Amino acid sequence: MGSKGSKLSKEDLRFLEENTNFKRNEIKQWFKGFMRDCPEGQLSQEKFKEVYAQFFPGGNPEEFCRHVFRSFDKDGSGSIEFKEFLLAINITSNKGDPKDKLNWAFDMYDIDGNGTIDKNEMELIIKAIYNMLGNALTAVSMDTPKERTIKIFSKMDTNNDGVLTKEEFTQGCINDQCLYQMLTADTGDSEGPK
């Protein structure tokens, strides 16, 4: 496995150039850093949590990381190879297309993968976001995860069937910049939905 992943194939490089907003030299730099941190060519969920935790020193990002990791581990292998990693970085970075971010966010919230988000799934992710933010939340008066979920569903669940379809989720985020930023983990530096 280590020797296979130690060099970026021409096919993967071409694929990433065509499917991300990164230039060839940026892809090579990302690969170099990835291989330095993950010499076996695979990013484990544990390593992913370690890296993520550095960005949220006042909170506990473990649960949120589990959901994010699941959404990026497309082949369900329990680890993320470089191609999956860079596609994920592309989606979540400011270079990412807002529609791609919304599709990724929907997949993350749809925990059971049935094509809809129910209130329980939404509440679990919101709770994970709150845990991740930790001390940062104490300065701001926030709803409980259950209250936040009820408010989100009252705005997004247009047919009142108790679940959000991808269309309802996407449209709800497009119509509400604040919701878009919260539900896609967007820092507000990007342009947001158009």
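The values are calculated or read from the model by the stated rules, or taken from the named source; none is laboratory data. Keep in mind it's a predicted model, so treat the numbers as computed, not measured. Note that each Cβ is placed from the backbone with ideal geometry, even for glycine, and that neighbours are counted across all protein chains shown. Calculation scope for accessible area: heavy atoms of the full protein, side chains included, ligands and nucleic acids excluded. Shrake-Rupley method; radii C 1.70, N 1.55, O 1.52, S 1.80 Å.
Which one of D75, D100 is out of contact with any helix residue (DSSP H, G or I) (no Cβ under 7 Å at 6 or more places or on another chain), of a type in the set (D, E), within 23 Å of N21 (Cα to Cα) and free of Cβ contacts under 8 Å to residues at least 12 places away in the same chain? Of D75, D100, the one residue that is out of contact with any helix residue (DSSP H, G or I) (no Cβ under 7 Å at 6 or more places or on another chain), of a type in the set (D, E), within 23 Å of N21 (Cα to Cα) and free of Cβ contacts under 8 Å to residues at least 12 places away in the same chain is D75. Among residues of the stretch 16-27 that are among the small types (G, A, S), none has a beta-carbon under 8 Å from a residue that is open to solvent by 80 Å² or more (accessible area, probe 1.4 Å) at least six positions away or on a different chain. Counting the residues of the stretch 41-69 that are touching a Gly at 6+ places or on another chain (Cβ under 8 Å), exposed (fewer than 15 other Cβ atoms within 10 Å of the Cβ) and farther than 13 Å from F85 by Cα gives 1. Within the stretch 163-194, being part of a loop (DSSP other than H, G, I, E, B), in contact with a Ser or Thr (Cβ under 9 Å, 6 or more places away or on another chain) and either at pLDDT 80 or above or not small (G, A, S) (or both) holds for T184, D186, P193. Scanning the stretch 12-21 turns up no residue that is touching a strand residue (DSSP E or B) at 6+ places or on another chain (Cβ under 8 Å) and open to solvent by 70 Å² or more (accessible area, probe 1.4 Å). Search the stretch 98-122 for residues being open to solvent by less than 40 Å² (accessible area, probe 1.4 Å) and among the acidic types (D, E), and hand back the single one that is nearest to the chain's Cα centre (by Cα). Among those residues, the one meeting the criterion is D110.
Restricting F69, F85 to those that are free of Cβ contacts under 8 Å to residues at least 60 places away in the same chain and farther than 14 Å from N19 by Cβ reduces the list to F69.
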